[in-house]
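Q: Mind having a look at this structure? Questions to follow.
What follows draws every value from the coordinates through simple rules; no lab data is involved. Since the model is a prediction, treat every value here as computed from it, not as a measurement. We place every Cβ from the backbone using ideal geometry, glycine too, and count neighbours over all the protein chains shown.
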Ligand SMILES: NC(=O)c1ccc[n+]([C@@H]2O[C@H](COP(=O)([O-])OP(=O)(O)OC[C@H]3O[C@@H](n4cnc5c(N)ncnc54)[C@H](OP(=O)(O)O)[C@@H]3O)[C@@H](O)[C@H]2O)c1
């Protein structure tokens with residue numbers, strides 16, 4: 001059975017992708033850690049849209065989780081012809097104050113897991129001569145971001161990697177999109193230890209950014225930034241002197257970071 005696999009489908013942008021694609025008749029494999037949320041979403045979408053929806057409750061940061069997920073879909077004869085690498089999280093603060101294990105987990109999830117799942121499913125898509133991959137990067141991927149240093153760097157990797165493979169595999173019938181949302185109203189900020197979205201005023205709804213991604217895919221684009229303000233900021237950053245960009249971001253974020261009462265990420269051991 002052909003199916004669309006979405007990581008990080010239990011909330012936010014991933015859940016919005018699941019709802020939208022279910023309405024379009026896609027069979028789904030939903031992946032995240034929160035089993036209750038995934039089970040409820042699968043039940044709801046199957047009932048409402050007469051599709052088949054499976055879920056895999058897994059911590060993608062666990063050892064060889066990408067391989068276990070891949071085998072699970074192969075063993076259940078799920079032919080993943082549409083992959084959305086969406087699971088990810090951020091952090092904010094002075095880098096040395098952030099919890100190292102959490103920073104490494106973030107880089108692992110945002111980068112290593114995305115690369116591994118892309119590799120595993122892309123091979124099958126190439127064999128079949130068709131398939132679609134959306135890698136969820138960020139508008140933050142276009143410039144270094146002081147106080148979100150490792151997060152922005154992880155997304156810079158995603159943008160560079162995805163744009164490159166999109167070019168490699170376009171002629172082989174595989175559509176690959178680098179999708180860069182700006183500030184979107186999800187659990188992201190809470191998970192990152194932020195009290196509110198920073199830098200950008202216009203926060204978008206997950207349904208709207210999903211619409212942007214799917215429209216871009218339809219038009220054959222290989223990269224899209226959601227929101228025209230985010231687009232302008234990203235393009236301006238690319239043509240401005242690096243030091244000017246980092247200094248102006250730091251000027252805005254430093255007081256916010258210093259005024260935040262709760263640390264962005266402190267491990268249980270350190271508390
Ligand atoms: N919201 C924004 O402003 C924004 C802007 C730019 C880019 N993005 C990107 O958009 C993507 C989705 O984020 P979101 O905004 O929708 O935030 P969100 O609501 O916090 O969703 C994150 C999703 O990732 C899953 N996840 C987190 N850690 C996981 C792990 N170790 N294993 C498996 N699943 C895991 C979460 O599910 P469980 O907790 O159930 O595991 C959840 O479904 C991320 O890659 C993020 O970097 C977001």
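Q: Can you give me the angle between helix 12-23 and the longest principal axis of the chain, using Cα atoms only, in degrees from 0 to 90, rounded to the nearest 10?
A: 30
Q: How big is D, in µm² s⁻¹, for the stretch 3-149 by Stokes-Einstein at 10 °C and 1.306 mPa s if Rh is the Kirkwood radius over C-alpha pairs?
A: Reported coefficient: 99 µm²/s.
Q: Which number do you get for Rg(Cα) / (2.2 N^0.38 Å) in the stretch 152-222?
A: Taking the Cα Rg and dividing by 2.2 N^0.38 Å, one obtains 1.29.
Q: For a quick size check, give me the Cα extents of the stretch 103-262 along its three principal axes, largest first, whole Å.
A: 53, 32, 31
Q: Return one quarter of the surface area of the convex hull spanned by the alpha-carbon atoms of the stretch 1-66, equal to its mean projected area, in nm².
A: 4.1
Q: Rg and Dmax in Å for the chain, alpha carbons only: what are they?
A: Spelled out, the Cα radius of gyration and Dmax of the chain are 18.3, 53 Å.
Q: To continue, here is another question. Based on DSSP, what percent of beta bridges with both residues in the chain are antiparallel, to the nearest 5?
A: The answer is about 0 percent antiparallel.
Q: Multiply the residue separation of residue 97 and residue 74 by 0.36 nm, subtract the distance between their alpha-carbon atoms, and state the gained length in nm to one decimal.
A: Values: separation 23, 0.36 × 23 = 8.28 nm, distance 4.17 nm.
Roughly 4.1 nm would be gained on extension.
Q: Also, quick follow-up: Using the alpha carbons of the stretch 104-195, what is the convex hull volume per residue in cubic angstrom, as a whole number?
A: 94
Q: Here is a further query. Which whole-angstrom value gives the distance between the alpha carbon centres of the stretch 73-101 and the stretch 153-226?
A: Cα centres, the stretch 73-101 to the stretch 153-226: 14 Å.
Q: Does anyone have the angle between helix 35-49 and the longest principal axis of the chain? Alpha-carbon axes, 0 to 90°, nearest 10?
A: 50
Q: How high is the FRET efficiency between residue 43 and residue 246 when r is their beta carbon distance and R₀ equals 41 Å, given to the nearest 0.05?
A: 0.30
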